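Read the structure below first, then the notes.
The values are calculated or read from the model by the stated rules, or taken from the named source; none is laboratory data. In this text the structure is predicted, and so the values were computed from the model without any measurement. No Cβ is skipped: glycine too gets one built from the backbone with ideal geometry, and neighbour counts run over all protein chains shown.
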Amino acid sequence: MTEPKKPAEFFNPSQEILIDANLKDYAATYDRSIKDREGFWAEEAAHLDWFKPWDKVLDDSQKPFYKWFTGGKINIVHNAVDRHVKTWKRNKLALIWEGEPGDSKTYSYHALNREVCKFAAVLKSMGVKKGEIVTIYMPQIPELAIAMLACAKIGAAHSVVYGGFSFEALGSRIADAKSRVVLTADGGYRRGKVIDLKGIVNEALKQAPTVEVCITVKRTGHAVVMESDRDYWLHDLMSLPLTNFACETEVMDAEDPLFILYTSGTTGSPKGLVHTHGGYGVYTASTLRNVFDLKERDRYWCTADPGWITGHSYLVYGPLINGATVMMYEGAPNHPYPNRWWQMIEKYGITILYTSPTAIRGLMRFGEQWPARHNLSELRLLGSVGEPINPEAWRWYHRVIGGGRCPIMDTWWQTETGGFVITPLPTTPLKPGSATKPYFGHEVGIVDDQGKDLPAGQEGNLVLKAPWPGMARTILGDPDRYKQVYWSQYEKQGWYKAGDSARCDADGYYWIIGRTDDVIKVAGHRLGTAEIESALVSHPDVAEAAVVGIPHEVKGNAIYAFVILKAKKVGSPELAAALIEHVSKHLGAIAKPEKVEFPEILPKTRSGKIMRRVLKAKLMGQDVGDVSTLEE
Ligand code: PRX
């Protein structure tokens, strides 16, 4: 967010928060974490159970392929589930879930462990082995979290594909991961409608020849097509007389892959980022415990879908490793009425709410009367993630939802970072719209293209100057691309380039401005121009396409498409509508262009690269800047 013109006021933490917070002294802890980074992370790692302690905290002998806690043996599921069942926590609620139609389920840690063991035994019976990648495509139902944990328990890596993606996106991700097994559901509920997930999977599997087994959870009960030699219902497999529900948790190396998560980048197909059992577990647990100040009495709700990194780190792994009670909801925030979320906060006594600016802006539009119907007084902390939060939405969230008493943790991070990087703690004086300060162990820089540090107030590239345990280790099957995308521009300095532009003010507070590459954040969802353009080009009338993000009041950005048609085809409002539908069907509704325009030509460089920057500047009535490389 751009820094407001007048100096921002500070929102100071209340006396109660200052007394109550688990971690009170940011400055001293931060200093120590920088002076002795490895010592700091070793202490954080000691919050987890290790089958065998690590030999080395950080192995930087093959930069930028850093390794953490090498020699250590661990399994994240042992930490997220198994160890809690041996304590009083076996009776604590691990998961509270509500479906969109209003059905609900709760799982104690004991019940969660039982279901994970059963699911893991089913996977083993299907021949799933340590090291293989299982693709999961499900709605927001408990089985999604259980499936992730079941894979990790037996040492398989999961690749969760967001349930809002359509068959092309799903198919290419399954193919890249070479998954043999896919886990899905017949469907899910969204705004009262059934989303036919199994139908999408069936379509995707046509382009994914490696898949031998597809296991389906019955959620909606609508009719789906099942193939006899490939498809199984989970409930059938779970009720088979398996010899043993007590499935052992696999002993993993700290650096063994826990999951692959595909994310959109600058060019080409989405890249599968690889995260690990050890470092990722330590990092998500540490950041969540300190930033959201977890206490035993908390009921923490993260509204993210596990199909994105926020759901992985802060709906599943971070909270469960900390033995917290976490809430999950299946459907739309305003269904059937705009008070749905506020009603659930009251009903379940939620104390911490972690959500996105898009959701806040969307719900803000309905007016204060909707939250006013509910008692939100149990809330004590709020969080925001995924895109910059504009000060107006921040203030509304703080005043109307937080009753003026709940600090907002505006957390900046990425799929690549695994967890929070720039974030306040509850005790940090806040400025609306700023993600504030670096988390422990991080040195954040704002630099120019050559790597020169920029003075306070000046916008530049955001870089991370030191490694951290939660960092993605590589891109699946393409280590060179990993090196090239993140580490090549500042190779000499050894810095990680985030792909965001930002500025740091005179108080040392960071203000994120937005992506500098071809990633568009739509409603907080990360989409690549390349993926949307290739969906457009797959339409028979389209010769070429370019998409850009333009500011949108609720979604942050909306997609604007420029399409060159094939010879003899003529642009029309009907064709524009058909193309929007085409993108929705092939890639997913979240990637729908807001508008389609049919220009004669696209601005290109002499080497043939489309200059999206020029298109965007023209759309927004701005100066197009340096166009010396423009061909026409
Ligand atoms: O541009 C930043 C934006 O989201 C990008 C990362 O997207 P993704 O990998 O999908 O992860 C989203 C959830 C962590 C970043 O490069 N972003 C994320 N959080 C914030 C943000 N922009 C501003 N403020 C934030 N708090």
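Note on the range 360-375: among residues that are surrounded by 18 or more Cβ atoms within 10 Å (Cβ to Cβ) and either among the aromatic types (Phe, Trp, Tyr) or without any contact (Cβ under 8 Å) to a residue 60 or more places away in the chain (or both), the one that is farthest from the ligand (Cβ to nearest atom) is TRP370. Residue count for the range 388-420, restricted to those that are in contact with a strand residue (DSSP E or B) (Cβ under 7 Å, 6 or more places away or on another chain), in a loop (DSSP other than H, G, I, E, B) and within 16 Å of the ligand (Cβ to nearest atom): 8.
Of the residues making up the range 118-142, those that are more than 13 Å from VAL213 (Cα to Cα) and buried (at least 24 other Cβ atoms within 10 Å of the Cβ) are PHE119, ALA120, TYR137, MET138, PRO139, GLN140. Considering the conditions (1) in a loop (DSSP other than H, G, I, E, B); (2) within 16 Å of the ligand (Cβ to nearest atom), THR427 is excluded by exactly one of them, (2). Do we have VAL385 as in contact with a strand residue (DSSP E or B) (Cβ under 6 Å, 6 or more places away or on another chain), modelled with pLDDT of 95 or more and buried (at least 23 other Cβ atoms within 10 Å of the Cβ) here? Judged against the criteria, VAL385 is a match.
Over 21 Å from the mean Cα position of the chain (by Cα), closer than 30 Å to TYR482 by Cα and either without any contact (Cβ under 8 Å) to a residue 40 or more places away in the chain or in a helix (DSSP H, G or I) (or both): is that true of THR210 in this structure? Judged against the criteria, THR210 is a match. Taking the numbered list (1) under 26 Å from VAL485 (Cα atoms); (2) crowded, with 23+ Cβ neighbours inside 10 Å in turn, VAL563 passes all entries but (1).
This table checks each residue for (1) crowded, with 22+ Cβ neighbours inside 10 Å; (2) more than 29 Å from ILE559 (Cα to Cα); (3) aliphatic (A, V, I, L, M).
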residue: GLN450; (1), (2), (3): no, yes, no
residue: LEU454; (1), (2), (3): no, yes, yes
residue: LEU462; (1), (2), (3): yes, no, yes
residue: TRP468; (1), (2), (3): yes, yes, no
residue: GLY477; (1), (2), (3): no, yes, no
residue: SER501; (1), (2), (3): no, no, no
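In the range 143-167, the residues that are free of Cβ contacts under 8 Å to residues at least 24 places away in the same chain and more than 16 Å from VAL182 (Cβ to Cβ) never reach a residue that is among the hydrophobic types (A, V, I, L, M, F, W, C) and part of a strand (DSSP E or B) with C-beta atoms less than 8 angstrom apart, at least six apart or across chains. Taking the condition polar (S, T, N, Q), modelled with pLDDT of 95 or more, buried (at least 24 other Cβ atoms within 10 Å of the Cβ) and away from the ligand (no atom under 12 Å from the Cβ), does SER313 pass? No.
Show me the strands (runs of 3 or more DSSP E) found entirely inside the range 218-291 where at least 1 residues are modelled with pLDDT of 95 or more and under 17 Å from LYS67 (Cα atoms).
257-263, 271-276
Could you grab me the full set of residues in the range 336-362 that are among the aliphatic types (A, V, I, L, M) and out of contact with any Leu (no Cβ under 6 Å at 6 or more places or on another chain)? I'd like the intermediate steps shown before the answer.
Step one: of the range 336-362, the residues among the aliphatic types (A, V, I, L, M) are 344-345, 350, 352-353, 359-360.
Hits for the range 336-362 are MET344, ILE350, ALA359, ILE360.
Filtering the range 376-387 to residues that are within 16 Å of the ligand (Cβ to nearest atom) and touching a Phe, Trp or Tyr at 6+ places or on another chain (Cβ under 9 Å) leaves LEU381, LEU382, GLY383, SER384, VAL385, GLY386.
Evaluated against (1) exposed (fewer than 13 other Cβ atoms within 10 Å of the Cβ); (2) in contact (Cβ under 8 Å) with a residue 60 or more places away in the chain, GLY608 falls short on exactly one condition, (2). Might you let me know whether the range 344-358 holds any residue that is in a loop (DSSP other than H, G, I, E, B), closer than 30 Å to GLY508 by Cβ and not aliphatic (A, V, I, L, M)? Yes, the range 344-358 contains at least one residue that is in a loop (DSSP other than H, G, I, E, B), closer than 30 Å to GLY508 by Cβ and not aliphatic (A, V, I, L, M).
Yes/no matrix, rows are residues, columns are (1) more than 28 Å from the chain's Cα centre (by Cα); (2) over 30 Å from GLU392 (Cα atoms); (3) polar (S, T, N, Q):
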site	(1), (2), (3)
LEU536	no, yes, no
HIS539	yes, yes, no
VAL542	yes, yes, no
GLY549	no, no, no
GLY556	no, no, no
ALA561	no, no, no
LYS569	yes, yes, no
LEU575	yes, yes, no
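With respect to (1) within 19 Å of the chain's Cα centre (by Cα); (2) within 16 Å of the ligand (Cβ to nearest atom); (3) not in a strand (DSSP E or B), the lone exception for GLN489 is condition (1).
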